[in-house]
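The values are calculated or read from the model by the stated rules, or taken from the named source; none is laboratory data. Note that the structure is predicted; figures quoted are calculated from it, not measured. Counting neighbours? That spans all protein chains shown, and the Cβs are built from the backbone with ideal geometry, glycine included.
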């Protein structure tokens, strides 16, 4: 993988400032904005996989981007649902702990339960940090929402190139830091750097898919995972 490429490629697009600038404005739109940005990032991932010469998609297809953004949201929600449920259990346990301060044994038991739940949330979230990018890459390559839930294929991608998806995770952390730098630019810069961070994450997801599934260069690629996955 070319880690640095994910940070530099947007500037290869002759209209990069306009496209990222529009994305920065769209970030401001409640509810629909994040979905559109997610769909835009999804299209970037798909372009990386099919080696599209135009790095950044323009904003002429709002409907398609909104639809793709909704699909991305569905994938994230489905894979992170266990974390949501565990968080609910955690909040209930915390409330129970607050109400049982006069019972040392019960408080100790609830505290241990909270610790166990917190560990499960951390471990599952870490695993999903590898699985979800692979699922989104598979969906982009096959142009099919159901491809994100073909767990044999998705796990096969991660198992084949865990290092590539570790790079996606690292890139996400760096992109998050980059996004936070916008605060320095009188706050409004946050939206521009957030849009730029989206391009970084999306490009790394596409690279990781290509690394894990060599030979796939187009959106219409056929099934490429070995049968034992």
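Candidates are the residues of region 59-78 that are surrounded by 14 or more Cβ atoms within 10 Å (Cβ to Cβ) and in a loop (DSSP other than H, G, I, E, B); the one that is modelled with the highest pLDDT is 59. Determine if region 36-55 includes at least one residue that is within 24 Å of residue 163 (Cα to Cα), loosely packed, with under 13 Cβ neighbours inside 10 Å and touching a residue at least 60 places away in the same chain (Cβ under 8 Å). So far as region 36-55 goes, yes, one or more of its residues are within 24 Å of residue 163 (Cα to Cα), loosely packed, with under 13 Cβ neighbours inside 10 Å and touching a residue at least 60 places away in the same chain (Cβ under 8 Å).
Checking the conditions here, which among 7, 11 is surrounded by fewer than 16 Cβ atoms within 10 Å (Cβ to Cβ) and either within 14 Å of residue 196 (Cα to Cα) or without any contact (Cβ under 8 Å) to a residue 60 or more places away in the chain (or both)? Spell out how you get there, then give the answer.
Values: 7 fails: surrounded by fewer than 16 Cβ atoms within 10 Å (Cβ to Cβ).
On inspection, the qualifying residue turns out to be 11.
Only one of 170, 85, 81, 95 is surrounded by fewer than 15 Cβ atoms within 10 Å (Cβ to Cβ), farther than 24 Å from residue 197 by Cβ, at pLDDT 95 or above and out of contact with any helix residue (DSSP H, G or I) (no Cβ under 7 Å at 6 or more places or on another chain); which? One residue alone meets the criteria, 81.
For the condition farther than 14 Å from residue 41 by Cβ, at pLDDT 95 or above and part of a helix (DSSP H, G or I), what is the one hit in 165, 209?
Working: 209 fails: farther than 14 Å from residue 41 by Cβ.
After ruling out the rest, the residue left standing is 165.
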